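Working notes for the structure below.
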Amino acid sequence: MQLGLIALGSGLAVGLAALATGLAQARIGAAAMGVIAEKPEMTGRAILLVAIPETLVILGFAVAAMNILLLGKG
Amino acid sequence: MAKVQVLGRRRHLDAVLERLYGTQRVELVDARADPELGLAPADGAAGHVERQAELEALAARLDAALELSGTPAEAHPQLVPDPVPGSVDVAALVATLDAAAPRLAELATRLDALADERALLPRYADPLEQLAPLIPELAGLDDDELRQIGLDTLALVLDTTGETLLTTLREELQALLGSRFELVWTRVGQDAIGCLLIFPHREIEHVHRLLGHEYVRHLPLPSAYEGLSLHGAIAAMRRRIEALPGEIEATHRELASAVGPHERDWRTALGGVRAEVEQLAAACGAGVTEHTFALVAWVPRPQLGRLRVELADPALGPVVVEELEFERRDARVPVLMHNARPARPFAFLTRFLDTPRASSVDPTGLMAIFLPLMFGVMVGDIVYGAVLLGASLYLRRRFSGRSPVVADLASVLVIGSVWAIAFGFVFGEALGNLGKDVFGDFSLWVYRGGADALEPLLLFALAIGAAHVLLGVLLGLWQARCDRDRHGLMDRGGTLLFLCGMFAIAAYAGGMLPDGSMTPAVAAMVVGLAVAMAAHGTLGIMMGPLELLGAVGNVLSYLRLAAVGLASVYLAIVANELATVGPLWLGIIVAAFFHTLNLALAAFSPLIQSLRLHYVEFFSKFFVGGGRDFRPFGARPHDAPQTP
C-alpha cells in the first residue's frame with residue numbers, strides 16, 4: 001500500500017509538472033513560431049524561450065526521485 | 001580585433017583601396033564619422049557619388065536582366081570580377097543592355113500577362129460553372145440568341161457570406177422590373193455568393209445603374225469570351241487554363257535564350273560594377289588633407305603584420321598603418337570568431353543564439369567540450385552511438401561543401417556519438433539491456449537500467465551541472481573584471497560564494513567533509529547572499545535571493561541529463577521486452593521499430609537538451625550577445641566571414 005502511494009505520488013509529481021510545462025510551452029511555442037516566421041534570425045532565441053519551462057518538469061522529476069529514494073527505502 | 005588608421009599619399013588612395021579590396025583583410029569604416037579624427041571628406045567625393053549612382057543603376061539593370069534568365073547566380077561557375085576601378089566599359093555595357101531591352105521587356109510583359117491570366121481565369125470559370133446548371137435552358141444560348149428573344153444576362157459576385165444583401169437586391173430588382181427577371185445564385189468559395197441575373201435587354205441601363213447604387217461587383221467577362229453562350233464561355237476558359245502552363249514555360253525558354261548569349265559577360269560585368277561601387281563608396285568614406293588620405297579600418301589582430309607587409313609596396317607610395325585606441329564594449333566593434341579546428345563546427349551553434357560581442361568571451365571552445373559530453377551522457381549506448389556515428393559521418397561527407405550548416409551539425413554529432421559509445425561502456429549498455437543479457441554486466445561504473453542506478457546517476461548529473469554552472473560564473477566574474485563592471489563583479493562573486501557554500505554543505509551532509517567545515521560553508525552562503533543583494537542596489541533585498549535561487553535552479557536543471565538518459569534506456573528495455581512476446585519474426589519487427597524510434601529520439605532530444613543547458617544555464621552567466629560579424633572589404637555579402 002505504502003509503496004503504491006509512493007509510486008502514485010512520484011507519478012503525479014512528474015505528470016502534473018509535465019502538464020504545466022506543456023501548457024506553458026504551447027503558448028510560448030505558438031508565439032515563437034510567429035516570431036520565427038517574421039524574423040528567422042530569432043530562431044535560436046525562440047528555442048531558448050520555448051525550452052525555459054522545461055525546468056518545471058525537471059523539478060518534478062527531482063521531487064519524484066526524492067520520493068523514491070528517500071521514502072521508497074524506508 | 002584591431003582598429004587601424006591607414007595613412008598615405010592622396011594620389012595613391014585608389015591604388016591602396018584596390019589592394020585592400022583584393023586582400024579582403026580589413027573592414028573599412030567611414031573615417032569622417034569619427035569626430036576624434038577630425039578628417040575632411042575627399043574633394044572628389046561629389047564626382048565619386050555621381051559615378052557610384054550611375055554604376056548602381058547599371059547594376060540594378062543587369063540584375064533585373066539576369067533575373068529574367070531564370071537561373072540563379074550560384075548555378076554559374078565563379079566569375080572573378082576585375083577589381084580595378086574603371087575596368088568595366090560602361091558605355092558598351094549600356095549599349096548591349098539597350099539593344100536587348102525591347103525584346104526582354106516584351107517577353108517580360110507577356111510573361112506577366114500570362115501569369116495574371118492564370119491567376120484570374122479560374123475566378124471567372126469557377127462561379128460560372130456553378131451557376132450554369134441553375135439555368136439549363138439559357139446556358140446554351142449565346143448573346144445574339146439571347147437578344148433575339150429580348151433577354152440579357154449579368155454575372156455578379158457578392159462579397160458576403162449572409163443572404164441579406166441578396167434579399168435586398170432581389171427586392172430592388174422587383175421594384176424596378178416587377179416579375180420580369182430571374183436571379184439565380186450559388187455560394188462561391190467561403191466568403192462570396194455568385195449570381196446570374198437574366199432580364200429584358202431593354203432594361204440594361206436601369207439595371208446597371210441599380211447595381212452601381214448597391215455596390216455590387218459586376219463580373220465582366222474578358223473580351224475573348226464575350227458573346228459566347230455560358231457553356232461555350234466556360235469550355236473556352238477551361239481550354240485556356242489548360243494551355244497556359246505550356247505558354248508560360250515557352251515564354252521562360254524564350255527569355256532564357258534571349259539572355260543566354262549575354263549572360264556570362266553580364267555576370268562578369270556585374271561583379272566588376274559592384275567592385276567599383278564598393279571601392280567608390282570606400283573612397284567617399286576616406287578623410288583627406290591637401291596631400292594625404294586617411295582610411296580607418298578594422299583588422300583581425302593576427303593579420304595586422306601581414307597587412308603592413310602587403311601595404312609596404314613601392315607602387316602604393318609610403319603607407320603608414322597606425323593602431324588606434326577603441327572601447328572594447330562598443331557594439332560597433334566587429335567580431336571574427338576564431339576557434340581551433342575541432343571547435344569550428346560548434347561556432348554555428350553559438351551564432352544560433354547570437355553573435356558574441358567583441359568584449360564577450362567566445363564560448364564556442366567550451367561548447368565543443370561540454371555539449372558532446374552531455375549528449376554522450378544522455379544517449380550512453382554503444383549500438384546507438386555506433387549507428388549515430390555512421391550516420392553522422394555519412395552526412396558530413398555528403399554535405400561537406402554543399403551545406404555548411406548540415407556538415408557542421410554532422411560534425412557535432414560525430415563527436416557526440418563517440419562520447420555516446422564511451423558512456424555506453426561506462427553504463428554497460430548496448431541496445432538497452434540486450435548487451436547485458438548477452439555478454440553479462442560489462443559496465444565500467446553502473447548499469448543504468450538497474451534499480452540502484454538512480455541515485456548515482458542523479459549525483460553524476462548534478463556534479464556535471466555544478467561544474468558547468470560554476471565555470472560559467474567564473475567566466476562571468478572574469479568578464480566583469482575585464483569590463484570593469486563593479487555591479488557584475490559583485491553579482492557573480494556573490495553567486496560564486498553562495499554556490500560554493502551550498503555545495504560544501506551538501507558535501508558535509510554526504511560525509512565527504514570534516515566536522516569543522518559546516519561553519520565556513522554557512523558563512524560563505526550568507527556572505528554570498530549579502531554581496532549579491534548589495535549588487536542590485538535598493539532592489540537587492542528581492543532581486544539578490546531571486547538571482548541565487550535561479551542559480552540553484554540552473555544546477556538542478558542538469559538533472560535532465562539523468563532523466564533523458566533513463567527515459568532512453570527504459571524505452572530500449574521495453575523494446576527488448578516486447579520482442580519476446582509472440583513469434584520471433586514479429587518480435588524482431590517490433591524491436592526494430594521501437595529501437596528506431598528510440599534512436600531517432602536519441603539523435604534529436606539530447607542535442608536540444610544539451611543546447612538548452614548551454615544557452616540558458618551556462619551562457620546566461622557571462623555571454624554578451626548583439627555582436628556584429630566582421631565583413632572584409634572586397635568579400636561578397638553572402639560570403640561567410642573568413643577565418644584566418
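The values are calculated or read from the model by the stated rules, or taken from the named source; none is laboratory data. The shown structure was predicted, so the numbers you read here are calculated from the model rather than taken from an experiment. Cβ coordinates were reconstructed from backbone atoms using ideal geometry, including for glycine residues, and neighbour counts include every protein chain displayed. To get the accessible areas, we keep the full protein, side chains included, count just its heavy atoms, and leave off ligands, DNA and RNA. Shrake-Rupley method; radii C 1.70, N 1.55, O 1.52, S 1.80 Å.
What are the residues of the range A:34-68 that lose 30 Å² or more of accessible area, with a 1.4 Å probe, going from their chain alone to all protein chains?
A:GLY44, A:ARG45, A:ILE47, A:LEU48, A:ALA51, A:GLU54, A:THR55, A:ILE58, A:LEU59, A:PHE61
Please report the carbon-and-sulfur percent of the accessible area for the protein assembly as shown; probe 1.4 Å, protein heavy atoms only, DNA, RNA and ligands left out.
63 percent
Taking a cut-off of 18 Å between Cα atoms, list the aspartates and glutamates near B:LYS621, but don't count ones fewer than 8 places away on the same chain.
B:ASP354, B:ASP362, B:ASP483, B:ASP485, B:ASP491, B:GLU547
Just want the answer: with Cβ charges of +1 for Lys and Arg and -1 for Asp and Glu, which residue in B:PRO404, B:LEU304, B:PHE181 is farthest toward the dipole's positive end in chain B?
B:LEU304
Using a loss threshold of 10 Å², tell me which positions in the range B:444-461 are less accessible in the complex than in their chain alone. Probe radius 1.4 Å, ligands and nucleic acids ignored.
Buried on complex formation: B:LEU454, B:GLU455, B:LEU458.
Using only atoms on other chains, find how many Cβ atoms lie within 10 Å of each Cβ of peptide B:593-605 and report the average.
Counting Cβ atoms of other protein chains within 10 Å of each residue's Cβ and averaging gives 0.
Would you compute, from DSSP H runs of 4+ residues alone, the mean residue ellipticity of chain B at 222 nm, taking -39500 (n - 2.57) per run and dividing by the full residue count, rounded to the nearest 500?
Result for chain B: -20000 deg cm²/dmol, rounded to the nearest 500.
Using a 10 Å cut-off on Cβ atoms, rank the peptides B:56-63, B:572-579 from the highest mean neighbour count down.
Result, highest mean first: B:572-579, B:56-63.
Suppose only helical runs count, i.e. DSSP H with n ≥ 4. What mean residue ellipticity at 222 nm does that imply for chain A under -39500 (n - 2.57) per run, divided by all residues and rounded to the nearest 500 deg cm²/dmol?
One gets -27500 deg cm²/dmol as the mean residue ellipticity at 222 nm.
Percent relative contact order of chain B, based on C-alpha pairs within less than 8 angstrom and at least six residues apart?
Answer for chain B is 20 percent.
Which of the three applies to the protein assembly as shown, rounded, prolate or oblate, going by the alpha-carbon gyration tensor with a ≥ b ≥ c and a/c under 1.5 meaning rounded? Can you show the working numbers first?
Values: a/c = 2.23, a/b = 1.29, b/c = 1.73.
The shape class here is oblate.
Within 10 Å of each Cβ of B:555-568, how many other protein chain Cβ atoms are there on average? List each step's numbers first, then the result.
Values: counts 0, 5, 7, 1, 6, 6, 1, 4, 8, 2, 0, 2, 1, 0.
Shielding by partners across B:555-568 averages 3.
Could the peptides B:508-515, A:17-24 be put in order, highest first, of the mean number of other beta-carbon atoms found within 10 Å of their residues? Before the final figure, lay out the partial values.
Details: B:508-515: 10.6, A:17-24: 15.4.
By packing density, highest mean first, the sequence is A:17-24, B:508-515.
With a 1.4 Å probe and all protein chains left in place, how much accessible area per residue does the protein assembly as shown have, in Å²?
50 Å²
How shielded is B:394-406 by partner chains, expressed as the average number of their Cβ atoms within 10 Å of its Cβ atoms?
Taking the mean over all residues of the peptide, I get 0.
How big is the dipole moment of chain B about its Cα centre under a simple scheme where the beta carbon of each Lys and Arg is +1, that of each Asp and Glu is -1, and everything else is neutral? Debye, nearest 20, please.
2540 debye
For the protein assembly as shown, what is the charge dipole size about the Cα centre, in debye to the nearest 20, if Lys and Arg each add +1 at the Cβ and Asp and Glu each add -1 at the Cβ?
With Lys and Arg at +1 and Asp and Glu at -1, about 2800 debye.
Mind running the shape call on chain B? Use the C-alpha gyration tensor, a ≥ b ≥ c as the square roots of the eigenvalues: rounded below 1.5 for a/c, prolate if a/b tops b/c, oblate otherwise. Present the calculation step by step, with values, prior to reporting the outcome.
On the way: a/c = 2.23, a/b = 1.35, b/c = 1.65.
Taking the square roots of the gyration eigenvalues as a ≥ b ≥ c, chain B is oblate.
Kindly sort B:MET490, B:MET374, A:MET33 by accessible area of their heavy atoms, largest first, with the probe set to 1.4 Å.
Result of the area sort, largest leading: A:MET33, B:MET490, B:MET374.
Just to be sure I understand: if you take the accessible area of chain B alone plus chain A alone and subtract the pair, with a 1.4 Å probe, what total do you get in Å², rounded to 100?
Summing both sides, the interface buries roughly 1500 Å².
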